[in-house]
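Written out below as structure tokens is the structure these notes cover.
Throughout, read-outs are computed from the coordinates displayed, never taken from laboratory work. Predicted model only: the values in this text are computed from it and were never measured. Heads up, the Cβs are rebuilt from the backbone with ideal geometry, glycines too, and the neighbour counts pull from every protein chain shown.
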Amino acid sequence: MRRVRFLTGTPRFVTVLALAAAAGCSSPEAKERDDNRAATATLTIVSAADADALIPSLVSTTQGKQVVDQLFDRLAEPVSPVETVGDGGFRPQLANGWSWSPDSLSIAFAINPKARWHDGTPVRAEDVRFSFALYTDPAVASPQRDAFEGIDSVTVRDSLTAVVWWHARHPEQFFQVAYNLLVMPEHLLASIARDSLGSSAFADSPVGSGRYRFERWARQQALVLTADRANYRGAPHVQRLIWVVAPDPAAANLRLLAGEADVLESVRGDAYVQARQSSRVRTVEYPSLDYGYLLFNYDRAVSGVPRLFADHTLRVALTQAIDRKAIVANALDSLGSVAMGPFTHATAGADTTLQQLAFDTSAASQALDARGWRRGADGLRRKGGRVLTFDLLFPSTSSTRQRMAVLLQEQFKRIGVTTTITTVEPAVFGARLEEGTFDAALNVWRTDPSPSTIRQVWGSPRGSSSGANIGANFSRYRNATFDARIDSAAREFNPATRRALFRRAWQTIVDDAAAVWLYEPRNVAAVHRRVTPTDLRADAWWASLSAWQVEPTTPP
Amino acid sequence: MTAGRRVGYRLGHACAVIATTLILSFALLHAAPGDALAADTAQGGRSPAARAELRRQRGLDQPFAVQLAHYLGRIGHGDLGRSYTDQRSVRVAVMEALTRTLLLTGTGLLGAIACGLLVGILQGWRSDWWLSRALGAALTAVYAMPEFILALLLLSVLAYGTGWFPMGGMYDPLISVTGTPMERLLDTGHHLVVPAVTLALGWGAAVSRHQRVALLETVGADFMRTAVAKGVSPFRLLLRHGLRPSLPTVAAVIGLMLPVLAGGAVVVETVFGWPGMGSLLVRATAARDVPMVGGAMVVITTAVTLSSLAIDLALHRLDPRQREHAL
């Protein structure tokens with residue numbers, strides 16, 4: 001890589017600097033260090049933002065997850081594609097075995113006796129109990145806390161056996177604990193106040209049991225992890241993992257093209273074209289769990305009509321008015337496809353044969369006419385003197401959604417519906433979704449590998465008043481039939497029946513036009529040609545970083 | 001009023017400015033929609049219960065007046081608090097960012113002064129020379145160019161095109177963990193070149209234009225003709241008689257740039273991934289990170305008011321006419 005050229009090569013105009021550097025490298029120790037560098041396989045990932053935290057129970061960003069997944073271990077590791085029912089889709093990680101109780105209300109995990117924290121202390125069952133307590137303690141305010149709903153407790157049978165207990169059995173018990181729980185060291189964290197974890201020394205220099213150990217973190221600049229050569233799971237192929245922060249997308253892409261970085265997790269537009277044309281870089285596609293959608297605010301008075309979007313016929317008409325295929329092609333070119341519903345092709349049991357509401361402007365116009373929204377001489381639809389109009393909200397950071405908002409506005413206009421466009425910064429976008437101070441909004445949702453978690457976004461809010469707990473159901477969508485069908489599917493153990501039940505639930509929400517399912521982005525990463533990625537999972541492309549093959553850097 | 005008392009008065013004035021800025025920035029962030037916990041809401045993030053707990057822990061559930069009193073009380077005791085977004089000590093984060101920014105902007109400013117003065121003098125002294133005209137045209141183009149365009153242009157040419165310089169960041173992460181102190185120092189210098197040149201060119205263009213105008217005015221003055229008639233050598237004429245009267249104008253222009261030294265150059269820091277004060281403040285404001293914004297404001301406002309005082313003192317020293325006015 002080019003940085004080595006600075007160390008060993010001599011760009012002419014920095015000759016003086018290089019000579020000084022050479023003087024600093026002349027000792028045998030320096031030579032040995034240089035040799036080690038040359039033989040070291042280092043993987044550099046360029047990222048738009050820095051990690052938010054390095055304690056698993058505090059992490060809320062993708063960047064943070066990428067790092068803690070290398071530093072800490074799960075009890076068992078999901079294999080790709082992630083299967084959420086039962087334990088068949090998992091292989092041992094921190095636990096080298098597990099056994100179910102006869103009533104399936106508990107699972108006993110046998111901790112690998114060879115597992116060690118990076119400070120040399122053995123990993124024990126007590127660490128599992130402690131980690132569960134950290135995730136679920138309200139004082140920690142963990143973003144993952146809800147993922148452990150339904151788990152009663154974790155107990156310690158002996159120093160190497162942790163037992164997880166549930167209130168009731170369900171098909172995703174094993175997934176729930178094995179996927180969501182990263183085990184943290186009790187001996188280093190127990191003495192820290194739970195509401196001060198983020199400001200502790202451990203947060204700046206974490207100690208895990210994963211195949212990489214923490215080496216250095218310069219905030220907003222770079223984060224370095226080094227292979228744990230003595231790890232109980234064996235040493236990883238890549239000796240060093242480095243995340244560098246490049247907030248400007250153009251600069252991030254140039255760093256990759258120039259060979260200063262090896263991986264850019266997502267390329268779009270010009271960056272995609274440049275990566276395709278580069279002799280140094282190639283593109284790698286991996287499955288996506290994201291979908292973009294136009295959500296309606298069901299509880300809001302729009303166009304002077306209380307709960308306007310609660311009208312099923314109106315929602316169907318608005319959906320039929322949109323040529324989603326054209327919009328996706330225009331905004332994303334070949335890097336996206338039309339969304340099928342609140343799930344993606346990578347969702348377990350995804351069914352691509354669901355019946356969709358077709359693009360049909362005449363049917364949409366007739367439906368609106370039938371509901372009393374008639375076009376006037378000016379082409380606008382009115383009912384009782386009120387114009388059918390609403391506002392489209394989206395965050396300023398998304399150029400894709402900006403393009404889509406303009407295209408949607410144009411397509412709605414064709415059937416006489418006027419829309420205004422409002423762009424706000426992400427903090428305001430999130431706040432307005434939560435408060436319900438919007439008419440319609442363009443949002444992107446990253447789904448969980450478990451299809452059951454659809455309830456967080458589309459399940460009816462608990463309580464019927466305006467103060468109901470909406471979770472992530474920003475639409476305030478309510479559909480008792482859908483709720484019941486999702487619950488039935490989520491409780492089903494038989495895989496074939498489960499798939500059929502989920503299909504029925506998805507068809508219900510698509511038929512109901514709960515939202516306009518717009519697009520499913522194609523995830524395309526750009527990687528240096530010396531890198532051979534393996535197993536890019538939809539939910540975590542970084543999950544197998546330790547198994548990636550990287551040719552060692554060699555001096556020119 | 002003695003000079004010491006005048007300076008004391010100005011320092012008292014600076015304290016009032018800092019306090020007002022803090023109150024205003026706190027009030028504006030409080031009034032702005034969204035909060036530190038809302039940025040990731042659209043993608044799920046924390047549950048409403050977890051968000052409520054964090055708001056309670058941070059005192060965000062208290063009335064505005066109570067929050068403001070706690071905030072000012074803490075800062076009054078020298079405690080800048082902890083960042084909402086990454087839980088770091090604000091004092092440490094701001095001081096780190098300030099050091100990096102001063103390194104970048106300080107180098108850029110020195111480059112700008114050197115380059116701007118040289119070109120300005122050349123243009124003012126030998127205005128009919130082809131090189132003066134060429135340099136003038138080039139710097140006018142740079143002056144007119146938006147900073148991000150200039151930054152991307154230099155990045156493309158000097159870093160990507162030639163491969164001589166790194167594409168961004170403050171250092172090579174690998175060298176930061178494996179290099180000797182000398183290597184790390186050289187590496188930082190290597191990373192500093194292109195962003196500092198970007199700033200130096202932009203600011204240098206401004207300095208040269210003012211230097212040129214000031215020198216042209218001086219060159220046509222009666223005392224210069226008198227000096228020539230008395231047989232003063234051209235070099236001495238320039239240095240002793242030509243340059244000195246034009247310095248207050250240039251010093252004032254440089255003074256206007258001093259606040260940026262501490263406040264950071266947001267565009268250049270963003271394009272080159274330089275983790276300084278500008279990018280810290282933008283990030284903190286977008287995330288409604290009140291303690292971080294407050295800490296940065298304390299530093300920037302102090303720097304602006306003190307640099308303003310410093311430049312007034314410098315002008316007072318350089319220009320005898322200024323001594324008739326109070327500071």
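Suppose every Lys and Arg Cβ carries +1 and every Asp and Glu Cβ carries -1, with no other charges. What dipole size does the range B:65-146 come out with about its Cα centre, to the nearest 20 debye?
In total the dipole reaches around 80 debye.
Write down the Kirkwood hydrodynamic radius of the range B:149-300, to one decimal in angstroms, obtained as one divided by the mean of 1/r over all alpha carbon pairs.
Result for the range B:149-300 stands at 18.8 Å.
For the charge dipole of chain A, defined by +1 on Lys and Arg C-beta atoms and -1 on Asp and Glu C-beta atoms about the Cα centroid, which residue among A:Leu380, A:Ala275, A:Phe148 has the Cα displaced farthest towards the positive pole?
A:Leu380
Could you state the principal axis extents of the C-alpha atoms in the range A:278-319, from the largest down, to the nearest angstrom?
If we take the Cα atoms of the range A:278-319, the spans are 58, 16, 16 Å.
Can you give the helix-only mean residue ellipticity at 222 nm for chain A, where every DSSP H stretch with n ≥ 4 adds -39500 (n - 2.57) and the sum goes over all residues, rounded to the nearest 500 deg cm²/dmol?
-9000 deg cm²/dmol
Taking 1 over the mean of 1/r across every pair of different Cα atoms in the range A:406-556, what Kirkwood radius in Å do you get?
19.3 Å
If you place +1 on the Cβ of every Lys and Arg, -1 on the Cβ of every Asp and Glu, and leave all else neutral, what size is the dipole of the range B:219-292 about its Cα centre, to the nearest 20 Debye?
For this selection, approximately 420 debye.
Got a sec? Charge dipole of the range B:190-297, +1 on Cβ for Lys and Arg, -1 for Asp and Glu; which of B:Gly294, B:Ser246, B:Val219 is way out at the positive end?
B:Val219
Report the Rg/Rh value for the range A:154-212, based on alpha-carbon coordinates and the Kirkwood definition of Rh.
Across the range A:154-212, the Cα-based Rg/Rh ratio is 1.03.
Say we join alpha carbon atoms closer than 10 Å with springs in a Gaussian network model of chain B; which of B:His30, B:His191, B:His77 then has the biggest fluctuation?
For chain B, modelled as a Gaussian network with Cα springs under 10 Å, the answer is B:His77.
Quote the relative contact order of chain A in percent (integer), defining contacts as alpha-carbon pairs under 8 Å separated by 6+ residues.
Relative contact order here is 19 percent.
Any chance you could check the Cα centroid distance between the range A:364-388 and the range A:38-72 for me, in angstrom?
The two parts, judged by their Cα centres, are 53 Å apart.
Note down the Stokes-Einstein diffusion coefficient of the range B:1-147 in µm²/s, whole number, using a Kirkwood radius over alpha carbon pairs, 37 °C, and 0.692 mPa s.
Rounded, D is 159 µm²/s.
By how many nm would the segment from B:Trp130 to B:Val232 grow when fully extended, if each residue of separation counts as 0.36 nm and the alpha-carbon distance is taken off? Working shown, then result.
Numbers: separation 102, 0.36 × 102 = 36.72 nm, distance 2.58 nm.
Residue separation times 0.36 nm, minus the Cα-Cα distance, leaves 34.1 nm.
Mind telling me which of B:Val266, B:Val94, B:Val193 comes out most flexible in a GNM of chain B, alpha-carbon contacts under 10 Å?
Maximum fluctuation in the GNM of chain B, among the listed residues, is at B:Val193.
Can you give me the distance in nm between label points at B:Leu110 and B:Leu306, each placed 7 Å from the Cα along the Cα-to-Cβ direction?
1.9 nm
What is the extension gain from B:Arg244 to B:Met182, computed as 0.36 nm multiplied by their sequence separation minus the C-alpha to C-alpha distance, in nm to one decimal?
Going from the current span to full extension adds 18.3 nm.
If I take every Cα pair under 8 Å that is 6 or more residues apart in chain B, average their sequence separation and divide by the length, what percent do I get for the relative contact order?
Computed value for chain B: 29 percent relative contact order.
With a ≥ b ≥ c taken as the square roots of the eigenvalues of the C-alpha gyration tensor of the range A:179-244, please select rounded if a/c is under 1.5 and otherwise prolate if a/b is larger than b/c or oblate if it is not?
Here the range A:179-244 falls in the oblate category.
Taking the Cα centre of the protein assembly as shown as origin and charging only Cβ (+1 Lys, Arg; -1 Asp, Glu), how large is the dipole, in debye to the nearest 20?
On the way: 90 positive and 76 negative charges, 424 e Å.
Magnitude of the dipole: close to 2040 debye.
What is the calculated FRET efficiency for A:Arg529 to A:Thr353, with r their C-beta to C-beta distance and R₀ = 25 Å, to the nearest 0.05?
Calculated value: 0.05.
Based on the Cβ-Cβ distance of B:Cys15 and A:Glu149, what FRET efficiency does E = 1/(1 + (r/R0)^6) give at R0 = 60 Å, to the nearest 0.05?
That gives a FRET efficiency of 0.70.
Round to a whole angstrom and tell me the spacing of the C-alpha centers of the range B:63-130 and the range B:280-318.
6 Å
Please report the spacing between the Cα centers of the range A:243-316 and the range B:216-263 in Å, no decimals.
Taking the Cα centre of the range B:216-263 as reference, the centre of the range A:243-316 is 55 Å away.
Show which lysines lie in cross-link reach of A:Lys65 when reach means a straight Cα distance below 27 angstrom and same-chain residues fewer than eight apart are skipped.
A:Lys114
For the protein assembly as shown, evaluate the Debye formula with one uniform point scatterer on each Cα (no solvent term) and list log10 I(q)/I(0) at q = 0.06, 0.08, 0.11 Å⁻¹, rounded to two decimals.
Summing over Cα pairs of the protein assembly as shown leads to -0.50, -0.85, -1.42.
Work through the residues other than B:Ala262 whose Cβ is under 14 Å from its Cβ and net out their charges, Lys, Arg +1 and Asp, Glu -1. Mind dumping the intermediate values first?
On the way: positive: B:Arg100; negative: B:Glu96, B:Glu269.
Here the count lands on -1.
Add -39500 (n - 2.57) for each DSSP H run of 4 or more in chain B, then divide by its residues: what number comes out at 222 nm, to the nearest 500 deg cm²/dmol?
Mean residue ellipticity, 222 nm, calculated: -23500 deg cm²/dmol.
Return the lysines within reach of A:Lys325: Cα separation strictly under 24 angstrom, same-chain partners fewer than 8 residues apart disregarded; answer none if there are no such residues.
In chain and number order, the partners are A:Lys413.
Could you calculate the contour length gain from A:Ala326 to A:Val273, that is, 0.36 nm times the residue separation minus the distance between their Cα atoms, to one decimal place in nm?
Additional length available on full extension: 17.0 nm.
For q = 0.08, 0.14, 0.17, 0.20 Å⁻¹, what log10 I(q)/I(0) does the range A:233-383 give under the Debye formula with an equal point scatterer on each alpha carbon and no solvent?
-0.43, -0.91, -1.09, -1.28
Rg/Rh for chain B: what does it come to with C-alpha atoms and Rh from Kirkwood?
1.06
Compute the Cα gyration tensor for the range B:61-180, then decide on rounded, prolate or oblate, letting a ≥ b ≥ c be the square roots of its eigenvalues: rounded whenever a/c is under 1.5, prolate when a/b is larger than b/c in the other cases, and oblate in all that remain.
prolate
If r is the Cβ-Cβ distance from A:Asp158 to B:Arg74 and R0 is 51 Å, what FRET efficiency results, to the nearest 0.05?
Rounded to the nearest 0.05, the efficiency is 0.60.
Which one of A:Ser191, B:Leu192, B:Ala144 has its Cα pushed farthest toward the positive end of the charge dipole of the protein assembly as shown, where Lys and Arg give +1 and Asp and Glu give -1 at the Cβ?
The listed residue farthest towards the positive side: B:Ala144.
Can you spot the aspartates and glutamates whose alpha carbon is less than 14 Å from B:Lys230's alpha carbon? Ignore those fewer than 8 places along the same chain.
Hits, sequence-local ones excluded: B:Asp222.
What number, in percent, do you get for the relative contact order of the range A:43-86 if the mean sequence gap of Cα pairs under 8 Å and at least 6 apart is divided by its residue count?
RCO, the range A:43-86: 26 percent.
Could I have the simple spin-label model distance between A:Ala139 and A:His187, label points 7 Å from Cα toward Cβ, reported in nm to one decimal?
Roughly 2.3 nm, to one decimal.
Just for the Cα atoms in the range A:116-160, what are the lengths along the principal axes, largest first, rounded to whole Å?
Principal axes ranked by extent give 31, 23, 15 Å for the Cα atoms.
Each label point is 7 Å from the Cα along the Cα-to-Cβ direction; what then is the distance between the points at B:Val213 and B:Leu118, in nm?
2.4 nm
Just to be sure I understand: with springs between alpha-carbon atoms less than 10 Å apart, which residue in B:Thr99, B:Thr162, B:Thr85 has the highest mean-square fluctuation in the Gaussian network model of chain B?
Sorting by GNM fluctuation, first place goes to B:Thr162.
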